[in-house]
Amino acid sequence: MNRSSCDHAIAQLYFYLDGEISWINRRRVQRHLAKCRLCTGAFDFENRLKSIVRERCQEEPRPELLERLRMLLQDNGEASGI
């Protein structure tokens, strides 16, 4: 594969994974991934990472953490005059 097509495929990777890509670019990425093992490896890694993050980030934050964040945001707002 030439470097230019790899650069294009990698640049489109997150849009592709999120379904935020035009059909023509989706098709280009798919064709590239079918031919390029290096980019397919990157795709597989990012796709798996995205799945793990989605699975592990299902919990609601603890109430203590939310309260602490509220206090920090309030303190920052007061310090900046907001």
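What follows draws every value from the coordinates through simple rules; no lab data is involved. Just so you know, these numbers come straight off a predicted model, no measurement behind them. With ideal geometry, Cβ positions are generated from the backbone for all residues, glycine too; neighbour counts draw on all protein chains shown.
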- Message: Over the chain, with a Gaussian network built from C-alpha contacts below 10 Å, which listed residue (Arg28, Arg68, Arg48) shows the highest mean-square fluctuation?
- Response: Arg68
- Note on the structure: Footprinting proxy, His8, His32: sorted fewest to most Cβ within 10 Å, the residues are His8, His32
- Compute the acute angle (0 to 90°) between the alpha-carbon long axis of helix 37-56 and the principal axis of greatest extent of the alpha-carbon atoms of the chain; round to the nearest 10°. 30
- Task: For Val53 and Leu17, calculate 0.36 nm times their separation in residues minus their Cα-Cα distance, and state this gained length in nm to one decimal.
- Result: 11.6 nm
- Query: Within the chain, which cysteines find no other Cys whose Cβ is under 4.7 angstrom from their own?
  - Reply: Cys6, Cys57
- Message: Angle check, please: helix 63-79 long axis (alpha carbons) against the longest principal axis of the chain (alpha carbons), in degrees 0 to 90, nearest 10.
- Response: 80
- the chain, dipole about Cα centre (Lys/Arg Cβ +1, Asp/Glu Cβ -1), debye to the nearest 20: 820
- Message: If you fit an axis through the alpha-carbon atoms of helix 23-35 and take the longest principal axis of the Cα set of the chain, what angle between them do you get, 0 to 90°, nearest 10?
- Response: 60
- Pair Ala34, Glu67: separation of 7 Å Cα→Cβ label points (nm): 5.8
- Theoretical ellipticity at 222 nm over the chain - DSSP helices of four or more residues, -39500 (n - 2.57) apiece, nearest 500: -27000 deg cm²/dmol
